[in-house]
Amino acid sequence: MATATDPLYADQWHFPLIGDIETIWNEYDGSGVTVVVYDEGVEYTHEDLAANYDASMHFTYEGVVYDPTPNTDNSAHGTSCAGLIGAVANNGVGGTGVAPGVTMTGVNYLDDLQFETQDVYDAGMLWAANFDIVSNSWGFGGSFSREQNLSISTSTASHDVELWETLVKDGRDGLGTIIVKAAGNETNNANGDGWNVTRYSICVSATDENGDATYYTNFGSSILVAAPASAVTTDQSGEAGYNADRDRDPVDSDYTSEFSGTSAATPTVAGVVALMLDANEGLGWRDVQTILAMSASHTGSAMGGPGELEEIGAWQTVGGNTWNGGGTMFHQSYGYGMVDVYAAVRMAEAWKIMSPVAKVSSNEISATGEYTGAAVAIPENNNVPGTGQVAIDMVVSTEISIETIELTITLTHANATNLNIWLEAPDGTRIQVLVQGDANSRTMDKGLTWVFGVDCLKGFSSEGTWSVIVEDVVTGETGTLTDASIEFFGSAAVNDTLFHFTDDFLMLEALDGSRATIDDLDGGIDWLNFAAMTGNITLSLVSGGAISVNGTLIAGLSAGGQEFENVMMGDGSDTVQGNGLANEAHGMRGDDLLRGANGNDVLMGGEGKDTMHGDNGNDTLKAGDGNDLIYGTAGNDQLYGEAGADTFVFAKPFGSDRVRDFADDVDQLKLDDAIWGGGKSVAQVVAQYATVVGSDTVFDFGGGNKVTVSGISNTSVFLNDIIIF
């Protein structure tokens, strides 16, 4: 475990909340990833930041370099954000960042850039395209103001979102700069701020040290994930900043334990994304959002119970069957849940195998629907449940796999604080987009058209009838629902499905026993993804096969249903039994046992001491790191030991196999003496059965049992490399 030695690390209470980061630090620290902090400047000479800071990348326009040094002694906000992302680890001072190997740069957005001329401002915003990630711990309160309205093309939010569209299109050589954005600290609906609504940004809410929603965090259907309001971080040096000597903050004055807000949650997520990109630099901006959502963990109030403390609403299960045996979970206060660095990075690694084509702007597709009827009155509430509701429908005939939704609604009402608004999916799933009390009472009295972001229906189909439901919960004031339209963004609907599993599975299964049966309903070539699940997993891919973790049965595959083809395992010592299909199985870390059964299989051992059997079929076995056992079983197989001292085992019958990367005096051939009837020494076996063919050695034992060792043209090397058993 890579425990940081920095003196404040033990006080950085946010780390235990975001998962097993120390295991991740054994391999990834954000090296090679660049992050720019748009804030009120960064004190880049700070003792805990300087080694990770790149001043050569300061925003430059027409020969002028815009130095991001904070303007005043009370401008510590950006310096604290930078420390949460990438404070240097193990340097004897301060704490550590989430990604302590990352390279950072600052832009003084709040105190300088936003007051520049339009051309300088635009160039400064687009400067972020030079970086992998941009962290934005700022916002405008979610007040549903004109300048926050994405339905007005000339609003400030619309202008900035157009610039962000360029960032995700052009940044990272077309993979897209990752935009992380604070939801805000006003206890408002994050949908009231267009910068939070746009699908280009990852909108982050905040939790306290218990993982519960803070009293101030904004909420809503545009929240993707939550993160801790991480407090202990870098401050302006000396008497400047949050922690002057006259304060009672217990940490050194160059640091603070009193930073907070979604401002602190946002750089925490930016650091997690940096670790994800360190693990897989080929992720598209849309991939990053999907992985964060699918890997997030439950936090706050219990699933199935009421909302608690400062939460808005309660956890709900969103339809589908591809996440932990059922639908995903969503909460207005947390989005998909607490960001989980371990699960996110492990999924990011596996993504390059399971989803090799990056999801970027150029391959994003959309579908639309529109209400075509007349305006309808919103009935007055008569203190009778349901009497204040009206619904209108939008029929969508195009099917895509949804990633995000933009819902545009036009309405008037004499008191906007009286209203609840939901979007209802074709399967009946309801997502609330406006909560009573969200908007200013006068927001809608002269008419309002507003774009709401819905990020919580990933994987849904766009096809079908979608409804907007408006409810007036107070008597005496009325309004009109005039129009609605909906636009979906995502990918082509296909039958090739990723089924994700996390450590929340058992909690969810206890609430919904149907999750214990994993079923593929639409055919295709599918993946079971256990990359984010901890423990030793045993899995049989046969119809009705079982799934166990640490010896305890947790689920089974549907008996008689569509069989699954491919599987991605995790860090444990896992066991996989294939089926009759062409399976692809990745052991990843741990000492794994992989068996292919029938079919032409691809088995990848990964790290650890693995045991691999192709069984029947023409299989490809790649053992990966470690000292592995590779069995050349029935069929004509391709065998790779890769790194480590590997043993290739052959027992009759095994077909015509080829060892592709045999290393003399490192690897071994282990031969069952029943192959030739017994009674022979190694020298006799080599002399009788080994023949050089070109640059290879071929052991032909007759009856179709043949082993070809590539690249070895001197049979004498095998005298020390064969074991007979």
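The values are calculated or read from the model by the stated rules, or taken from the named source; none is laboratory data. Just so you know, these numbers come straight off a predicted model, no measurement behind them. With ideal geometry, Cβ positions are generated from the backbone for all residues, glycine too; neighbour counts draw on all protein chains shown. SASA here: full protein model, heavy atoms, side chains in, ligands and nucleic acids out. Shrake-Rupley method; radii C 1.70, N 1.55, O 1.52, S 1.80 Å.
Here is how the numbers come out for the structure above:
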item	result
Segment 579-725, relative contact order in percent, only Cα pairs under 8 angstrom and at least six apart counted	15 percent
Per-residue ³J(HN,Hα) for segment 63-76, Karplus 6.51 cos²θ - 1.76 cosθ + 1.60, θ = phi - 60°, Hz, x for Gly and Pro	x, 9, 8, 9, 5, x, 3, x, 6, 9, 6, 10, 10, 8
For segment 199-326: rounded, prolate or oblate by the Cα gyration tensor [a/c cutoff 1.5]	oblate
Proximal lysine pairs, the chain, alpha carbons under 13 Å, eight or more residues apart or interchain	4
Accessible area (Å², per residue) of the chain, counting only protein heavy atoms and a probe of 1.4 Å	35 Å²
Simple label model, 7 Å out from Cα along Cβ direction - D119 to E424, nm	5.4 nm
Of all accessible heavy-atom area on the chain, the percent that carbon and sulfur account for (1.4 Å)	47 percent
Selected from G300, T290, G271, residue furthest toward positive end of dipole (segment 252-315; charges at beta carbon)	T290
Neighbourhood charge, 12 Å Cβ-Cβ cut-off, centred on I723 and excluding it, Lys, Arg +1 and Asp, Glu -1	-3
Listed residue (I18, G313, G325) projecting farthest to the positive dipole end of the chain, Cβ model	G325
Value of relative contact order over the chain, rounded to a whole percent, pairs C-alpha under 8 Å and six or more apart	8 percent
Only Lys, Arg (+1) and Asp, Glu (-1) charged, at Cβ; the chain dipole about Cα centre in debye	1660 debye
5 angstrom amide H check on T575, placed H, neighbours 5+ away	I537, T538, L539, L593
Hull volume in cubic angstrom per residue (convex hull over the Cα atoms of segment 624-725)	82 Å³
Note, ³J(HN,Hα) from phi for segment 667-681, Karplus 6.51, -1.76, 1.60, rounded to Hz, x at Gly and Pro	8, 9, 9, 10, 10, 6, 5, 5, 4, 10, x, x, x, 10, 7
Charged-residue dipole, Cβ positions (Lys, Arg, Asp, Glu), segment 115-268 about Cα centre, Debye nearest 20	600 debye
Projected-area average for segment 469-592 over all orientations - Cα convex hull basis, square nanometres	11.7 nm²
Range of Cα positions in the chain per principal axis (Å), largest first	98, 60, 45
Residue-by-residue Karplus 3J(HN,Hα) for segment 272-284, coefficients 6.51, -1.76, 1.60, Hz, glycine and proline x	4, 4, 4, 5, 4, 6, 5, 6, 8, 6, x, 6, x
Farthest toward positive dipole pole in the chain [+1 Lys/Arg, -1 Asp/Glu at C-beta], among I469, T45, Y28	I469
